[in-house]
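A short write-up of the structure that comes next.
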Amino acid sequence: MKTIKIGSIGLGRLGYEHAKNLATCVPGVQLTAICDIDAARVEAVKQELDVPYGYTDFEEMCKNPELDAVAIVSPSGLHVEHIRTAMEHGKHVFCEKPLATTVEACREAEAIVAAHPDLIFMLGFMRRFDKSYLEAKKKVDNGDIGKVILVRSYTQDSVATIEGTLKFAPHSGGQFLDMCVHDIDLIRWFAGSEVKNLWGIGGVFAYELYRELNDGDNVCVMLQCENEAMGFMFAGRAAAHGSHVETEIIGTKGTLRIAAVPASSHLEVMSEHGVCRECYVDFLERWHDAYVTEMCTFADYIRGIGKPEITAADGTAVSRIAYRCKESFETGKMLPLE
């Protein structure tokens, strides 16, 4: 099996997670280079993960002839620039969500990808690679629950990580783009249809910073798809019990429910507090296996095994919906997608 050599840019929380996974968990892959604007951070991670090359200049990393591909885990506003640079240097690209911070920039990214049909491009909607979600998708596609009526998706971050969340908030793109894109993608994926109408509401319940940003710390959206399937999603910034992502797909012949209790294991603790189950600490713990699986899949695509199902067009579609949700939230009106 050919060893796929990957360079990764961005060494924040998720960037480091991807780098560590590529270096230690993905068979047939070598993390060959890392890049970040923080030189000291690059050197520390380079030594920790035994990475051959470290850079503070992304283009210089892309010029490295040893690299087959790059993983882009940089700030969202730089994604389009980094996709262009990587592909112009002949590198396959994995890019974290969101594809870009505006719909126009998403379309620009689509054009760049289309101009390089010989290169693999994959967008990081990791929930599609989680074992439970993959099994649910098979059952939906097999018709096991009949016609999809409603997809309900909850995403709540843990209050334990709120300090980092608040620091990231001003340049996150807002609740609908930063948090809801995964839920929007799941609704489109399970319903097998594009969104037609939507209504976004929410408020500021705990952290006044979000009011200053014309955003909410807890928001929800009702969606109607072109095939009449409905969607409901809720996104919250600070769940007391831990990181909680829950999805339910209701059909005419049955219902599928994933992670109704966000327990990190089957362990039950019986004490004076009653019977308790410990929850995931944060999203990195919850989605660790999915992050590894998506990188394994990316490497397979580069080897010619299969073709990416998640495309730049999916990134544009989700971003269009997310921004329209934001507009609905701001105006208090139900809006058509167009």
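Only one of (1) polar (S, T, N, Q); (2) surrounded by fewer than 20 Cβ atoms within 10 Å (Cβ to Cβ); (3) within 21 Å of Leu177 (Cα to Cα) is not met by Ser74, so which one is it?
(2)
Could you please let me know if Thr316 is touching a helix residue (DSSP H, G or I) at 6+ places or on another chain (Cβ under 7 Å) and closer than 18 Å to Arg127 by Cβ?
Working: touching a helix residue (DSSP H, G or I) at 6+ places or on another chain (Cβ under 7 Å): yes; closer than 18 Å to Arg127 by Cβ: no.
Judged against the criteria, Thr316 is not a match.
If you take the residues in the stretch 131-150 that are within 30 Å of Ile83 (Cβ to Cβ) and touching a Lys or Arg at 6+ places or on another chain (Cβ under 9 Å), which one is surrounded by the most Cβ atoms within 10 Å (Cβ to Cβ)?
Once the filter is applied, the top-ranked residue is Tyr133.
List pairs: first in the stretch 138-153 and touching a residue at least 12 places away in the same chain (Cβ under 8 Å), second assigned to a strand (DSSP E or B) and surrounded by fewer than 19 Cβ atoms within 10 Å (Cβ to Cβ), Cβ under 7 Å, 6+ apart or cross-chain?
Ile145/Thr255; Ile149/Met230; Ile149/Ile250; Leu150/Met230; Leu150/Phe232; Leu150/Ile250; Arg152/Phe232; Arg152/Glu248
Taking the criterion of being free of Cβ contacts under 8 Å to residues at least 60 places away in the same chain and open to solvent by 50 Å² or more (accessible area, probe 1.4 Å), would at least one residue in the stretch 291-301 satisfy it? Spell out how you get there, then give the answer.
Residues of the stretch 291-301 free of Cβ contacts under 8 Å to residues at least 60 places away in the same chain: 300.
Filter once more, keeping what is open to solvent by 50 Å² or more (accessible area, probe 1.4 Å): 300.
Yes, that holds for at least one residue.
What are the residues in the stretch 1-59 that are of a type in the set (Gly, Ala, Ser), open to solvent by 30 Å² or more (accessible area, probe 1.4 Å) and not in a helix (DSSP H, G or I), if any? Walk me through how you get there before you give the answer.
Step one: of the stretch 1-59, the residues of a type in the set (Gly, Ala, Ser) are 7-8, 10, 12, 15, 19, 23, 28, 33, 39-40, 44, 54.
From what's left, open to solvent by 30 Å² or more (accessible area, probe 1.4 Å): 12, 23, 39-40, 44, 54.
Within the stretch 1-59, Gly12, Gly54 qualify.
Could you run through the stretch 221-244 and say how many residues are farther than 25 Å from Glu309 by Cα, open to solvent by 10 Å² or more (accessible area, probe 1.4 Å) and over 18 Å from the mean Cα position of the chain (by Cα)?
4
Looking only at the stretch 151-196, which residues are of a type in the set (S, T, N, Q), open to solvent by 10 Å² or more (accessible area, probe 1.4 Å) and part of a loop (DSSP other than H, G, I, E, B)?
Ser193
Cβ-Cβ distance below 8 Å, separation of 6 or more or different chains: which pairs start in the stretch 20-39 with a residue that is farther than 20 Å from Arg303 by Cα and at pLDDT 95 or above and end on one that is in a loop (DSSP other than H, G, I, E, B) and open to solvent by less than 40 Å² (accessible area, probe 1.4 Å)?
Hits for this filter: Ile34/Leu11; Ile34/Val51; Cys35/Gly10; Asp36/Gly10; Asp36/Leu11; Asp38/Leu11.
Among all residue pairs at least 6 apart or on different chains, which show Cβ distances below 7 Å where the first residue, located in the stretch 211-223, is more than 19 Å from Asp157 (Cβ to Cβ) and the second is in a helix (DSSP H, G or I)?
Note: pairs meeting the criteria are Asn214/Glu330; Leu223/Ile187.
One residue is enough: does the stretch 326-337 have a residue meeting the conditions outside any helix (DSSP H, G or I) and of a type in the set (Lys, Arg)? So that I can check it myself, show each step before the final result.
If we filter the stretch 326-337 for residues that are outside any helix (DSSP H, G or I), which is where we start, we get 332-337.
After this cut, where a residue has to be of a type in the set (Lys, Arg) as well, the list is 333.
Yes: the stretch 326-337 contains one or more residues that are outside any helix (DSSP H, G or I) and of a type in the set (Lys, Arg).
Please count how many residues of the stretch 83-110 are out of contact with any Cys (no Cβ under 6 Å at 6 or more places or on another chain), open to solvent by 20 Å² or more (accessible area, probe 1.4 Å) and part of a loop (DSSP other than H, G, I, E, B).
Residues that pass the stated criteria total 4.
One line per residue, one yes/no per condition, for (1) within 24 Å of Lys97 (Cα to Cα); (2) touching a helix residue (DSSP H, G or I) at 6+ places or on another chain (Cβ under 8 Å):
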position	(1), (2)
Val204	no, yes
Asp217	yes, yes
Cys220	yes, no
Ser243	yes, yes
Ile258	yes, yes
Tyr280	yes, yes
Phe283	yes, no
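The values are calculated or read from the model by the stated rules, or taken from the named source; none is laboratory data. Small disclaimer: the values here were computed from a predicted structure and weren't measured. All Cβ positions, glycine included, derive from the backbone under ideal geometry; neighbour counts span all protein chains shown. SASA here: full protein model, heavy atoms, side chains in, ligands and nucleic acids out. Shrake-Rupley method; radii C 1.70, N 1.55, O 1.52, S 1.80 Å.
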